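The block underneath contains the structure these notes are about, expressed in structure tokens.
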Amino acid sequence: FQDATVISHLMSLLSRSRYTQEYICQIFSHCCKGPDHQTILFNHGAVQNIAHLLVSTSYKVRMQALKCFSVLAFENPQVSMTLVNVSVDGELLPQIFVKMLQRDKPIEMQLTSAKCLTSMCRAGAIRTDDSCIILKTLPCLVRMCSKERLLEERVEGAETLAYLIETDVELQRIASITDHLIVMLADYFKYPSSVSAITDIKRLDHDLKHAHELRQAAFKLYASLGANDEDIRKKIIETENMMDRIVNGLSESSIKVRLAAVRCLHSLSRSVQQLRTSFQDHAVWKPLMKVLQNAPNEILVVASSTLCNLLLEFSPSKEPILESGAIELLCSLTQSENLALRVNGIWALMNMAFQAEQKIKSDILRGLSTEQLFQLLSDSDVNVLMKTLGLLRNLLSTRPHIDHIMSTHGKQIMQAVTLILEGEHNIEVKEQTLCILANIADGTTAKELIMTNDDILQKIKYYMSHSNAKLQLAAMFCISNLIWNEEEGSQERQDKLRDMGIVDILHKLSQSSDPNLCDKAKTALQQYLA
């Protein structure tokens with residue numbers, strides 16, 4: 001690849017003999033590592049030059065050409081989109097690949113053509129509901145997972161199938177009920193088997209070598225199968241010793257197995273039911289917290305996403321996780337260079353703060369520090385910003401908590417709110433920020449921080465007349481909470497806001513065509529009449 005003339009020279013040798021065809025295809029597929037190489041080969045006409053070899057009279061040439069396409073098309077939309085429209089002797093490539101999938105063909109040919117069709121499907125070149133995927137590719141890959149196949153074939157079959165169905169619910173459902181796949185995969189954990197140890201030392205060596213690859217492949221496929229469907233997740237978890245296997249996987253020496261086990265756990269942790277039951281019974285949070293201690297980023301991202309789910313308010317794991325030092329860990333994630341880790345750190349803290357007791361909220365604020373909070377609120381990524389606002393909103397809920405937090409951090413929080421309402425932000429960000437203000441306005445003593453801040457009051461007034469109804473509504477919540485009659489000092493607050501022209505705006509809004517705005521304005525005006 002360093003010398004451009006090498007590739008064109010090899011291409012020109014393709015027509016010499018069936019040996020040059022076989023070996024050159026083999027050289028290309030072995031040397032092609034990653035998208036840059038794929039592009040160079042593609043630009044040198046690899047697709048056109050190699051396509052006709054798929055119908056060669058020599059099996060070896062056909063096979064090497066097929067391998068070459070599977071390497072060229074892997075995770076490469078450009079190549080995949082091109083392959084769909086290439087025809088050889090009047091037959092389109094997908095049709096040629098489907099013929100190579102048939103049960104009477106050698107296994108390596110079936111597997112490799114399934115990989116080609118999988119890449120084309122993932123790139124959007126073939127629809128997921130196309131019969132060549134549902135009736136041919138998917139069943140072929142499930143067959144590759146069966147006990148009859150060699151261990152290498154089972155690894156490749158499961159990994160390819162995991163990739164094929166990863167983002168499509170319908171394919172996940174079909175795969176889960178094909179040939180008892182979920183039960184079939186449980187067998188992947190049974191190597192090396194005790195029998196082989198006694199009978200055949202060579203076999204044991206082979207089994208050991210493939211044992212972790214098999215576990216990795218099974219975890220990956222379980223993760224894909226359970227990505228969306230509650231019933232499939234339930235079936236996976238009910239498979240023999242599944243939770244124990246995942247927990248063991250989390251502490252394996254092989255980093256690839258650990259990553260696959262965490263992915264599988266993450267997929268299953270999307271289930272409310274499982275969070276309440278199996279996850280609790282197996283104290284999954286313990287090994288997960290251990291994984292989070294000093295893992296590479298790749299594992300940290302998936303493990304911290306899983307932790308986000310374990311920290312939802314209905315998950316019984318929430319308490320023990322807190323006791324094991326999670327706040328510190330998550331606060332440190334929010335300082336990561338890695339964007340996904342920052343998002344997950346703040347997201348998990350947001351989930352942790354939801355309906356939490358005051359001590360937890362104070363610990364979070366202490367752990368984060370005001371500087372870090374401002375850092376996150378000025379993060380260039382809107383996801384980080386939204387989750388940080390979500391955290392603030394969760395911290396500032398229920399009156400005693402609002403008053404307590406505003407008495408210690410009021411000045412900084414009001415600064416942050418001002419900063420965001422003045423900045424160039426989208427509607428969702430501004431809406432969240434106004435909701436935080438509405439929460440502050442609901443406090444007993446916290447209200448005063450708004451009432452004595454004319455700048456903020458002017459901003460609320462401005463948003464009441466904004467062109468976006470969501471922002472108007474959020475601003476009205478602030479006003480309603482400030483003027484509510486039953487509360488001490490409501491008269492003075494009402495007078496001050498009347499002098500600012502708020503009542504005139506309320507009258508105008510009570511004529512609004514938007515029923516929500518109209519109702520909210522009328523309710524607010526009643527506070528003035530009462």
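Tabulated data for the structure shown
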read-out	value
Stretchable slack from Gln48 to Ile177, in nm (0.36 nm times residue separation minus alpha-carbon distance)	42.6 nm
Contact order normalised by residue count of the chain, Cα under 8 Å, 6+ apart, percent	6
The range 59-130: trypsin sites (Lys or Arg not before Pro) falling in loop per DSSP and having at most 16 other Cβ within 10 Å	Arg103, Arg127
Between helix 59-73 and the chain: long-axis angle, C-alpha atoms, 0 to 90°, nearest 10	10
Percent RCO, i.e. relative contact order, over the range 383-530, from Cα pairs under 8 Å lying at least 6 residues apart	19
Distance between modelled label sites at Arg399 and Glu424, nm, 7 Å Cα→Cβ extension	4.3
Listed pairs Lys67/Lys202; Lys220/Lys290; Lys209/Lys235; Lys190/Lys235; Lys387/Lys496; Lys235/Lys290 exceeding 25 Å between Cα atoms	Lys67/Lys202; Lys209/Lys235; Lys387/Lys496; Lys235/Lys290
Label zone at Glu328 (point 7 Å along Cα-to-Cβ), backbone N below 14 Å, the range 367-404	367-368
The chain - percent of accessible surface contributed by carbon and sulfur, probe 1.4 Å	51
Point-to-point label distance, Asp36-Ser56, nm (Cα→Cβ direction, 7 Å offset)	2.9
Label-point separation in nm, Lys411 to Val169, each point 7 Å along Cα→Cβ	5.1
Two-decimal Rg/Rh across the range 111-179, once Rg and the Kirkwood Rh are taken from alpha-carbon atoms	0.94
Translational diffusion of the range 1-92, µm² s⁻¹ [Kirkwood Rh, Cα pairs; Stokes-Einstein; 20 °C; 1.002 mPa s]	163
Rh by Kirkwood over Cα pairs, then Stokes-Einstein D for the range 83-233 at 1.306 mPa s and 10 °C, µm²/s	99
Label point at Arg276 placed 7 Å out along Cα→Cβ; residues across the range 233-270 whose backbone nitrogen lies under 17 Å	233-235, 269-270
Sparse-neighbourhood loop sites, GluC sites (Glu not before Pro) in the range 103-162 - DSSP loop, at most 14 other Cβ within 10 angstrom	Glu148
Simple Cβ-charge dipole of the chain, Lys/Arg +1 and Asp/Glu -1, about Cα centre, in debye nearest 20	1300
Accessible area expressed per residue, the chain, with surrounding protein chains retained (probe 1.4 Å, Å²)	46
Full-extension gain in nm, Arg127 to Ser380, via 0.36 nm per residue minus C-alpha separation	87.5 nm
R0 of 30 Å, Cβ-Cβ distance Thr20-Lys99: FRET efficiency to nearest 0.05	0.75
Acute angle (nearest 10 degrees) that the helix 427-441 long axis makes with the longest principal axis of the chain, alpha-carbon atoms	40
Dipole magnitude (debye, nearest 20) for the range 1-125, charges at Cβ of Lys, Arg, Asp, Glu	300
Percent RCO, i.e. relative contact order, over the range 1-116, from Cα pairs under 8 Å lying at least 6 residues apart	22
Rounded to the nearest 20 debye, dipole of the range 377-423 from Cβ charges on Lys, Arg, Asp, Glu	180
Exposed-loop-free span, longest in the chain, where chymotrypsin sites (Phe, Trp or Tyr not before Pro) count as exposed if DSSP calls them loop and at most 12 other C-beta atoms lie within 10 Å	2-313
Largest-first ellipsoid semi-axes for the chain, taking √(5λ) over the Cα gyration tensor eigenvalues, angstrom	58, 29, 20
Which of Ala446, Leu421, Tyr59, positive extreme of dipole for the chain (C-beta unit charges)	Tyr59
C-alpha long axis of helix 490-499 to longest principal axis of the chain, angle in °	80
Residue-span extension gain [Met81 to Ser146] - 0.36 nm each, minus C-alpha spacing	20.3 nm
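The values are calculated or read from the model by the stated rules, or taken from the named source; none is laboratory data. Given the structure is predicted, the values throughout are model-derived calculations rather than measurements. Neighbour counts are summed over all protein chains in view; Cβ atoms, including those assigned to glycine, are modelled from backbone coordinates with ideal geometry. For accessibility, only protein heavy atoms count, side chains too; no ligands or nucleic acids. Shrake-Rupley method; radii C 1.70, N 1.55, O 1.52, S 1.80 Å.
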